[in-house]
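Peer 1: If you scroll down you'll find the structure; I have some questions about it.
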Protein chains: 2
Amino acid sequence: MSAWEDNIRKVVPYVPGEQPKVDNIIKLNTNENPYGPSPRVEKIAMDMEKLKLYPDPAASALVDAIANYHEVSSDKVFVGVGSDDVLAMSFLTFFNSGKEILFPDITYSFYDVWAELYKIPYKAVPVDDDFRIIKEDYHGENGGVIFPNPNAPTSIAEPLSFVEDIVKNNQDVVVIVDEAYVDFGGETALPLVDKYENLLVVRTFSKSRSMAGLRIGYAIGNPKLIKYLSDVKYSFNSYTMNMPSIIYGVESIADDDYFKETVAKVVDTREWFKSEIEKLGFACPPSSANFLFMTHESIPAKEIFEKAREAKIIVRYFNKPRIDNYLRVTIGTRKEMESFLSFLKKLVKDN
Amino acid sequence: MSAWEDNIRKVVPYVPGEQPKVDNIIKLNTNENPYGPSPRVEKIAMDMEKLKLYPDPAASALVDAIANYHEVSSDKVFVGVGSDDVLAMSFLTFFNSGKEILFPDITYSFYDVWAELYKIPYKAVPVDDDFRIIKEDYHGENGGVIFPNPNAPTSIAEPLSFVEDIVKNNQDVVVIVDEAYVDFGGETALPLVDKYENLLVVRTFSKSRSMAGLRIGYAIGNPKLIKYLSDVKYSFNSYTMNMPSIIYGVESIADDDYFKETVAKVVDTREWFKSEIEKLGFACPPSSANFLFMTHESIPAKEIFEKAREAKIIVRYFNKPRIDNYLRVTIGTRKEMESFLSFLKKLVKDN
């Protein structure tokens, strides 16, 4: 190894779900929304000439649209290149106490990656046997708390009172509630933002807004928290949001009818699909997200994952302790889920 | 101050050049290219439906296009959200020795911001009285080296032999050459990449490619270096490049005739404008960039900056030691520069 390699930050990176380059597959592995963005977005003609200029570093048009949508002032909103960017910046900004930060052991698998990247000590707190977060486990001294609600990959949502209990018992640190999936059935912590100045609520356009390809995420919190986060962002990259993200993002927010309609379709399909697979011997926790976390009474998850892949249906399998017999399956269109259901019926029958 | 605020990473952020929201101004303050992106970009119809999917995390289409353009293999290319993102990731990845990294005192004002953000010790090495980098000052022990070539805001380029001397004398650390402006007259260090595995060359689409609004930057280096950088990137955000960046970026690279033509126009305008302002008592170092670093023999730069602003012409003024009597003026269209020249002629006459 060369001398210059001694001082490299060596990390084990997060492995994102596969983005296959072939067509004719049913892609249920990365929790995208099958319906595509609002048709209003398609009608926007971007002025390409303007691409020669730097975008607005504050992305004010987008920030204002989000603020307006949530009925908060714009100084409570931070935007980033997907919620991953928002969360990465948040870890860097808020978790510098040297004490362990806390998050569930079964959760979004990026949290420990960010902690490792920034050398933040952390403790993965076990969820119970039903994959539920135990709120009392977050009451002790710590360097910060982060958890998704609904949680992923479990799909389980906790009520607002549960979230408030954790925030209330951690007022000396920053608490981040990652609400990537909240639009599909969770209860948002946004009403707590004015009550607790240490609470940051993070959202994304990649799931309910069908815009994973654009990379837009945001956070809502008290203006002091947002200012600290913005300062770090401006110390990292002045212009994170490009012009298409700002322009199309604003238009997505504007079309609330389409948003509600497509979210409702996903929820309907989820509930129908869940009831169907339960008849086949599958079980899953109640889902408040756009995916199901499913396990079969006799067929190993890994086997289902591999056979589905052969049938050109891609779902997510995590080869990790406690969840290695589960699949995380994104809710696609009704037609896609019918195909997957046919596949599962045949698999169970042949087993 | 609340207890949670104790563990915030508090930084003084970089202040980007103003992006004014009014029209009818001549904007010469952020080194954009006045000609707009290739007309081929305007003809691309993006399939908006696809925005529902995550982009390719490796941005392979764009990486391959860049690799092909520079005739290197794709494993030597890293892409990011503007060269700022590439550089921010590079600081985090490569500068972990605990020793001081070195860069010129008069240079891109983001370098010390990144160093502060990541708590990397650094030394700003004085350039000489003609604003030239003294290469011998970079020969001692250090934690890494970074400098732009051409340098900014000075516009001065150094020859390849000069760059090689610095790289050669620093083979135990990573050396980054920031070539944001190289297309306007600098000599690239790319031929050295195969010779020195510790050299990273960074480029951007924001200047010569007229795509500041899209946010695309890239780095070229040996595959080991690129792998370390990619691992950190994947530990930060899996999907940094959104679909429009990938699609339009590829198209920009494809239209090399337009690229060369617009770069040549900027260079022509620069040389004409420089000769004109010299007649008015201005001096500037020889420029190899798309801007001039100009000072007047009697009128203070700050005064020119303020009066230009009143006349709706925005240039960049840095209120910093050594350069507080200089303006950094982006080369706009011939017409824009004629307007600015008329303004300067009147100013000098009235003085």
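The values are calculated or read from the model by the stated rules, or taken from the named source; none is laboratory data. On a predicted model such as this, the values are computed, not experimentally measured, just so you know. Ideal geometry is used to build each Cβ from the backbone, glycine not excepted, and the neighbour counts take in all protein chains shown. Remember, those area values only see protein heavy atoms, side chains included, never the ligands or the DNA or RNA. Shrake-Rupley method; radii C 1.70, N 1.55, O 1.52, S 1.80 Å.
Peer 1: For region B:46-64, list whatever residues lose no less than 40 Å² of accessible surface once every protein chain is in place, relative to that chain by itself, with the probe at 1.4 Å.
Peer 2: Listed by number, the residues meeting the 40 Å² cut-off are B:Met48, B:Glu49, B:Leu51, B:Lys52, B:Leu53, B:Tyr54.
Peer 1: Mind checking how much accessible area B and A bury in total, 1.4 Å probe, in Å² rounded to 100?
Peer 2: Between B and A, the summed buried area is about 7100 Å².
Peer 1: Could I ask something else about it? Just give the residues from region A:1-31 buried by at least 40 square angstrom of accessible area in the all-chains context relative to the isolated chain, probe 1.4 Å, and say none if nothing qualifies.
Peer 2: For region A:1-31, once contacts with the other chains are taken into account, A:Trp4, A:Glu5, A:Asn7, A:Ile8, A:Arg9, A:Val11, A:Pro13, A:Pro16, A:Gln19, A:Lys21 lose 40 Å² or more.
Peer 1: Hey, what's the Kirkwood Rh for region B:214-283 if you take every pair of different alpha carbons, in angstrom?
Peer 2: 15.9
Peer 1: What's the extension gain from B:Asp23 to B:Glu5 if we count 0.36 nm per residue and subtract their Cα-Cα distance?
Peer 2: Length difference between fully extended and current span is 2.5 nm.
Peer 1: Hey, another quick one. Helix-only estimate, please: 222 nm mean residue ellipticity of chain B, summing -39500 (n - 2.57) across DSSP H runs of length 4 or more and dividing by its residues, to the nearest 500.
Peer 2: Value at 222 nm, helices only: -10500 deg cm²/dmol.
Peer 1: With label points built 7 Å along Cα→Cβ from the Cα atoms of B:Lys119 and A:Ala283, find their separation and express it in nm.
Peer 2: Here the modelled spin labels are 4.6 nm apart.
Peer 1: Out of residues 5 or more away from A:Tyr122 or on other chains, whose amide H comes under 5 Å of its own, with H placed 1.01 Å from N in the peptide plane?
Peer 2: Here A:Ile101 satisfy the definition.
Peer 1: Can you work out the accessible area per residue across chain B, with the rest of the protein chains kept in place, probe 1.4 Å, in square angstrom?
Peer 2: 37
Peer 1: For chain B, what's the relative contact order in percent, using C-alpha pairs closer than 8 Å and at least 6 residues apart?
Peer 2: In percent, rounded to a whole number, it is 23.
Peer 1: Can you work out the Karplus-derived ³J(HN,Hα) for every residue in region B:144-157? Use 6.51 cos²θ - 1.76 cosθ + 1.60 with θ = phi - 60°, whole Hz, and x for glycine or proline.
Peer 2: Once rounded to whole Hz, the list reads x, 9, 9, 7, x, 9, x, 6, 10, x, 7, 6, 7, 9.
Peer 1: So, one more: Based on the Cα atoms of the protein assembly as shown, what semi-axes does the equivalent ellipsoid have, where each is the square root of 5 times one gyration tensor eigenvalue, given in whole Å with the largest first?
Peer 2: 46, 26, 25
Peer 1: May I pose another question? May I ask you to evaluate 6.51 cos²θ - 1.76 cosθ + 1.60, the Karplus curve with θ = phi - 60°, for each residue of region A:90-95 and list the ³J(HN,Hα) values in order in whole Hz, giving x for glycine and proline?
Peer 2: 5, 4, 5, 7, 9, 9
Peer 1: From Cα coordinates alone, what are the radius of gyration and Dmax values for region A:192-351 in angstrom?
Peer 2: Calculated on Cα positions, Rg and Dmax stand at 19.9, 59 Å.
Peer 1: Using the beta-carbon distance between A:Gln171 and A:Glu49 and R0 = 56 Å, what value does 1/(1 + (r/R0)^6) give for FRET efficiency, to the nearest 0.05?
Peer 2: The computed FRET efficiency comes out at 0.65.
Peer 1: Sticking with this one: Compute the Rg to Rh ratio over region B:1-121 from the alpha carbon atoms, using the Kirkwood formula for Rh, and round to two decimal places. Each step should come with its number before you reach the end.
Peer 2: Details: Rg = 19.6 Å, Rh = 18.9 Å.
My calculation of the ratio gives 1.03.
Peer 1: Further question on the same structure: What is the distance, in nm, between label points placed 7 Å from the Cα along the Cα-to-Cβ direction at A:Ser109 and at A:Lys349?
Peer 2: Here the answer is 3.3 nm between the modelled labels.
Peer 1: Can you check what the net charge comes to around A:Trp4, using other residues whose Cβ is under 11 Å from the Cβ of A:Trp4 (Lys, Arg +1; Asp, Glu -1)? Write down the numbers at each step before the final one.
Peer 2: On the way: positive: B:Lys224; negative: A:Glu5, A:Asp6, B:Asp172, B:Glu197.
Around A:Trp4, the charge tally is -3.
Peer 1: Which ³J(HN,Hα) values in Hz, rounded to whole numbers, follow from the phi angles of region A:301-308 under the Karplus curve 6.51 cos²θ - 1.76 cosθ + 1.60, where θ = phi - 60° and Gly and Pro get x?
Peer 2: After applying 6.51 cos²θ - 1.76 cosθ + 1.60, I find 4, 4, 5, 4, 4, 5, 5, 4 Hz.
Peer 1: Here is a follow-up. Taking 22 Å as R0, compute the FRET efficiency from the Cβ-Cβ separation of A:Arg40 and A:Arg334 and round it to 0.05.
Peer 2: Calculated value: 0.40.
Peer 1: Here is a further query. Which aspartates and glutamates does A:Lys10 reach when only Cα atoms under 16 Å apart count, and residues fewer than 8 places away in its own chain are ignored?
Peer 2: By straight Cα distance, A:Lys10 reaches A:Asp112, A:Glu116, B:Asp231.
Peer 1: Project the alpha carbons of region B:91-226 onto their principal axes and report the range along each, largest first, in whole Å.
Peer 2: 38, 37, 31
Peer 1: Run through all the Cα pairs of region B:63-114 and give the fraction in each 5 Å bin from 0, expressed as whole percent.
Peer 2: Taking every Cα pair in region B:63-114, the percentages come to 4, 16, 20, 20, 16, 14, 8, 1.
Peer 1: Restricting attention to the alpha-carbon atoms of chain B, what are Rg (one decimal) and Dmax (integer), both in Å?
Peer 2: Computed over the Cα atoms of chain B, radius of gyration and Dmax are 20.6, 61 Å.
Peer 1: Figure the gain on full extension for A:Glu276 and A:Phe318 (residue separation times 0.36 nm, minus the Cα-Cα span) and round it to one decimal in nm.
Peer 2: Taking 0.36 nm per residue and subtracting the Cα distance, the gain is 12.8 nm.
Peer 1: What distance in nm separates the two pseudo spin-label positions at B:Asp257 and B:Lys135, each 7 Å out from Cα along the beta-carbon direction?
Peer 2: 3.9
Peer 1: Here is a further query. I'd like the carbon and sulfur percentage of the solvent accessible area for chain A, probe radius 1.4 Å, heavy atoms only, ligands and nucleic acids excluded.
Peer 2: Answer for chain A is 49 percent, counting heavy atoms of protein chains only.
Peer 1: What is the set of long-range amide H partners of B:Gly213 at a cut-off below 5 Å, with H atoms built 1.01 Å from backbone N?
Peer 2: A:Lys52, A:Leu53
Peer 1: Based on the Cβ-Cβ distance from B:Leu341 to B:Lys302, what FRET efficiency comes out when R0 is 22 Å, to the nearest 0.05?
Peer 2: It comes to 0.65.
Peer 1: So what are the radius of gyration and Dmax for the Cα set of region A:146-282, in Å?
Peer 2: 17.1, 54
Peer 1: Ok, one more. Okay, which of region B:288-310 sit inside 14 Å, backbone N to the point 7 Å along the Cα-Cβ direction of B:Asn325?
Peer 2: Residues B:294-304 fall inside that zone.
Peer 1: Another one. Which pairs in the list B:Lys207/B:Lys233; A:Lys207/A:Lys227; A:Lys27/B:Lys52; A:Lys233/B:Lys50; B:Lys21/B:Lys274 are over 18 Å apart, alpha-carbon to alpha-carbon?
Peer 2: From B:Lys207/B:Lys233; A:Lys207/A:Lys227; A:Lys27/B:Lys52; A:Lys233/B:Lys50; B:Lys21/B:Lys274, over 18 Å: B:Lys207/B:Lys233; A:Lys207/A:Lys227; A:Lys233/B:Lys50; B:Lys21/B:Lys274.
Peer 1: Using 0.36 nm per residue of separation minus the Cα-Cα distance, give me the extension gain between B:Asp128 and B:Arg309 in nm, one decimal.
Peer 2: Details: separation 181, 0.36 × 181 = 65.16 nm, distance 3.08 nm.
Between B:Asp128 and B:Arg309, full extension yields 62.1 nm more.
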